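Before any comments, here is the structure.
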Amino acid sequence: MSLPPDLQDSLLALGRALQTCRDDWALIGSAALTLHGIDAGDVGDLDILLSADDARSIAKDYGIAVQAPAEHSLFRSDVFFGLRLGQYDVDFMANFHVRKAGELHQVPVPETEPVQLGKITLKVATLDAMKALLTLFGRPKDLARLRRL
């Protein structure tokens, strides 16, 4: 698989950051689709779903203050923080929720497949899991990506 060097470098750095995780985690979004060989358009950032304990541990390792849950019209995470790895911003989202019909619904860490990049193994949401997430999110960009699958 051929990735742009800046994306590969950021994914390798992300994989190293996630090596200490004790619980399941998953790379989702456009980067996950790209690693499955799908043209998802530009990869704007890297999105990780993980446990609250692992998120707090990684934040501590990088000296980052964990943000209080922010209210967003569509999404909410009990633990959220961003980190710049290489040329990409990474969003770490723990106990992630999606608002549907005015109610928040927790989104579990989806089923993953291992993707090897050099000596790093990334846990990437399966294509079936990505289809379910894109359908659930339902934003225009998600539905456009869904049509590419």
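The table below lists the values:
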quantity: Packing-based exposure ordering (other Cβ within 10 Å, fewest first) of Ile64, Ile28; calculated: Ile64, Ile28
quantity: Equivalent ellipsoid semi-axes - Cα gyration tensor, the chain, angstrom; calculated: 21, 21, 13
quantity: Cβ-based net charge around Asp45, under 14 Å, with every Lys or Arg adding one and every Asp or Glu removing one; calculated: -3
quantity: Rounded to 5, the percent of DSSP beta bridges in the chain classed as antiparallel; calculated: 80
quantity: Average Cα contact separation per residue, the chain, under 8 Å, 6 or more apart, as relative contact order %; calculated: 24
quantity: Sequence-distant aspartates and glutamates (8 or more away, or on other chains) whose Cα lies within less than 15 Å of Lys123; calculated: Asp23, Asp24, Asp47, Asp54, Glu111, Glu113
quantity: Electrostatic dipole magnitude of the chain [Cβ: Lys, Arg +1; Asp, Glu -1; Cα centre; debye, to 20]; calculated: 180
quantity: Positive-end residue of Leu149, Ala65, Ala55, charge dipole of the chain with Cβ unit charges; calculated: Leu149
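Read-outs: derived from the displayed coordinates by stated rules, not from any lab. Computed from a predicted model, the values in this text were never measured in an experiment. Ideal geometry is used to build each Cβ from the backbone, glycine not excepted, and the neighbour counts take in all protein chains shown.
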